[in-house]
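Participant: Dumping the structure here so I can ask a few things about it.
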Amino acid sequence: MKILLAILTFLAGICADAQIKVGAERYGEYLPLLEGKKVALYTNHTGIADGRHTLDVLLDKGVDVTKVFAPEHGFRGTADAGEHVKSSTDAATGLPIVSLYGASKRPTPAMMEDVDVIVVDIQDVGLRFYTYYITMIDLMNAAIDHGKGVMILDRPNPNGMSVDGPVLDMKLRSGVGALPIPVLHGMTLGELANMANGEGWLKGGKKVPLTIIRCDGYTHQSRYELPVAPSPNLPTMLSVYLYPSLCYFEATPASVGRGTDKPFLIYGSPDMTSGDYLFTPRSLPGARRPPQLGKRCRGRDLSGTSADEAMAQGVNLGYIIDAWRATGRKPGFLGPFFDKLIGNTTVRKMILAGHSAEDIKETWQGDVGKFRQQRKPYLLYPE
């Protein structure tokens, strides 16, 4: 009976995916709006419409694309996390690829001169510390400064069924957190842009002329399988689902599997005294200098976790607490970057004081409830 139920659930997920049409595939909704406009396209390798890159689709449809803005990991999505990416020229089209994760993380006035509208088509994973939405917010602010419009070709949020984690204390605003939202906000980029516009979160509390081309057939309960990996170290759907719980290892000396074939599916370090999984990070494309490079690590393998279990966890601090305890409860295990990732200074203090993951999770439930109500006017899809 359990096997039959699992098969039916899997097939239902496939059917749901087949019925979802992303914004970039709804040509009749947006191509007429781009006629006569000079377009800057914010995208990367995830901008796919009916099996083709959105850039190629727009050019074939006669849209006047003047440049491409690229985020962290670059236009091709192969650069390491945090690596500065240089601007370049696309060999196939001759268009300039302007990196917004290099010398400049915000468009300069010169970059905006030959632009009427910024079109956004990029696959996010629905986490406050995932940087693609931050670049979108920077582009919205640039559009305000220079009198441009913004169009979002919306895509599903693979973590869109979950809202969890602390709401960002804006005193900790950084390159891994730009808005007062929970770690898991459960919104698509279109909804998030809609909320930033409506809540006065953009520069000077101003609004940008915003057009959102919605997905068709999507709800916040849809199980959406990403057609391509959104970044080098999130290669599987399970890694996407565990990312809200494992990203905090980036603020520790431990490894979270970068430089292995299981990034964001394992964790460990040479100093861990428990755990039955052994691994050695090595230099790989997308993880050339991973933490604990070349060192034998002991830890835990989460790759056997079911997708349902991983999604149900939301933000689970049990893993980071386990690693902290297994390395001798050293105060320096959690660096200052942890506060920026989790969004406040309270959680780190509670971990160091010995509180459980369950007790800590309770501390943000009130704020999560308030956020759910706050976001309601901006949702574009059924909950």
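The values are calculated or read from the model by the stated rules, or taken from the named source; none is laboratory data. As the structure is a prediction and not an experimental result, all values here were calculated from the model. Every residue, glycine as well, gets a Cβ built from its backbone with ideal geometry; the counts of neighbours run over all protein chains shown.
Participant: Considering each of 298, 348 in turn, give the residue that is touching a residue at least 12 places away in the same chain (Cβ under 8 Å), in contact with a helix residue (DSSP H, G or I) (Cβ under 7 Å, 6 or more places away or on another chain), basic (Lys, Arg) and assigned by TED's automatic domain parsing to the domain that holds residue 242. Break it down stepwise before answering.
Facilitator: Working: 298 fails: in contact with a helix residue (DSSP H, G or I) (Cβ under 7 Å, 6 or more places away or on another chain).
Just one listed residue meets the conditions, 348.
Participant: Hey, can you tell me all the residues within segment 238-252 that are buried (at least 24 other Cβ atoms within 10 Å of the Cβ) and not hydroxyl-bearing (Ser, Thr, Tyr)?
Facilitator: Hits for segment 238-252 are 240, 242, 244, 249.
Participant: State yes or no: is residue 303 of a type in the set (Gly, Ala, Ser), touching a residue at least 40 places away in the same chain (Cβ under 8 Å), under 30 Å from residue 221 (Cα atoms) and not in a helix (DSSP H, G or I)? Before the answer, list the steps.
Facilitator: Details: of a type in the set (Gly, Ala, Ser): yes; touching a residue at least 40 places away in the same chain (Cβ under 8 Å): yes; under 30 Å from residue 221 (Cα atoms): yes; not in a helix (DSSP H, G or I): yes.
Here the answer is yes, as residue 303 does meet what is asked.
Participant: Out of 137, 152, report the one residue that is surrounded by fewer than 23 Cβ atoms within 10 Å (Cβ to Cβ), within 19 Å of residue 46 (Cβ to Cβ), at pLDDT 95 or above and not charged (D, E, K, R). Lay out the reasoning, then the answer.
Facilitator: Details: 152 fails: surrounded by fewer than 23 Cβ atoms within 10 Å (Cβ to Cβ).
That would be 137, the only listed residue that is surrounded by fewer than 23 Cβ atoms within 10 Å (Cβ to Cβ), within 19 Å of residue 46 (Cβ to Cβ), at pLDDT 95 or above and not charged (D, E, K, R).
Participant: Okay, next question. Given (1) more than 30 Å from residue 267 (Cβ to Cβ); (2) hydroxyl-bearing (Ser, Thr, Tyr); (3) out of contact with any helix residue (DSSP H, G or I) (no Cβ under 7 Å at 6 or more places or on another chain), identify the lone condition not met by residue 211.
Facilitator: Unmet for residue 211, out of (1) more than 30 Å from residue 267 (Cβ to Cβ); (2) hydroxyl-bearing (Ser, Thr, Tyr); (3) out of contact with any helix residue (DSSP H, G or I) (no Cβ under 7 Å at 6 or more places or on another chain): (3).
Participant: Among the residues in segment 164-181, are any within 23 Å of residue 364 (Cα to Cα), touching a Pro at 6+ places or on another chain (Cβ under 6 Å), of a type in the set (A, V, I, L, M, F, W, C) and not in a helix (DSSP H, G or I)?
Facilitator: The answer is yes; a qualifying residue exists.
Participant: Provide a single number: the residues in segment 327-354 that are aliphatic (A, V, I, L, M) and either crowded, with 21+ Cβ neighbours inside 10 Å or within 17 Å of residue 250 (Cβ to Cβ) (or both). Give the derivation first.
Facilitator: In the first step, residues of segment 327-354 are kept if they are aliphatic (A, V, I, L, M); the result is 334, 341-342, 347, 350-353.
Those left that are additionally either crowded, with 21+ Cβ neighbours inside 10 Å or within 17 Å of residue 250 (Cβ to Cβ) (or both): 334, 341-342, 347, 351.
Qualifying residue count for the region: 5.
Results for (1) surrounded by 19 or more Cβ atoms within 10 Å (Cβ to Cβ); (2) at pLDDT below 95; (3) farther than 22 Å from residue 358 by Cα; (4) touching a Cys at 6+ places or on another chain (Cβ under 9 Å), shown as yes or no for each residue.
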{"site": "234", "(1), (2), (3), (4)": "yes, no, yes, no"}
{"site": "254", "(1), (2), (3), (4)": "yes, no, yes, yes"}
{"site": "262", "(1), (2), (3), (4)": "yes, no, yes, no"}
{"site": "286", "(1), (2), (3), (4)": "yes, yes, yes, no"}
{"site": "298", "(1), (2), (3), (4)": "no, no, yes, no"}
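Participant: For segment 301-324, does any single residue satisfy the condition of being surrounded by fewer than 22 Cβ atoms within 10 Å (Cβ to Cβ) and farther than 29 Å from residue 365 by Cα?
Facilitator: No, the conditions are met nowhere in segment 301-324.
Participant: Still on this model: Which ones in segment 61-92 are at pLDDT 80 or above and over 13 Å from residue 42 (Cβ atoms)?
Facilitator: Step one: list which residues in segment 61-92 are at pLDDT 80 or above, which gives 61-71, 89-92.
Selection gives 61, 62, 63, 64, 89, 90, 91, 92.
Participant: Another one. Cβ contacts < 8 Å: first residue among the acidic types (Asp, Glu), restricted to segment 19-30; second residue at pLDDT 95 or above and buried (at least 17 other Cβ atoms within 10 Å of the Cβ), any location; separation 6+ or different chain. Result?
Facilitator: 25/49; 29/23; 29/213
Participant: Being more than 22 Å from residue 232 (Cβ to Cβ), surrounded by fewer than 21 Cβ atoms within 10 Å (Cβ to Cβ) and free of Cβ contacts under 8 Å to residues at least 40 places away in the same chain narrows it down to one of 276, 271, so name that one.
Facilitator: Numbers: 271 fails: free of Cβ contacts under 8 Å to residues at least 40 places away in the same chain.
Of the residues listed, the single one that is more than 22 Å from residue 232 (Cβ to Cβ), surrounded by fewer than 21 Cβ atoms within 10 Å (Cβ to Cβ) and free of Cβ contacts under 8 Å to residues at least 40 places away in the same chain is 276.
Participant: In segment 161-181, which residues are in contact (Cβ under 8 Å) with a residue 24 or more places away in the chain and under 18 Å from residue 135 (Cα atoms)?
Facilitator: First, pick out the residues of segment 161-181 that are in contact (Cβ under 8 Å) with a residue 24 or more places away in the chain: 161-169, 172, 174-179, 181.
Result: 168, 172, 174, 175, 176, 177, 178, 179, 181.
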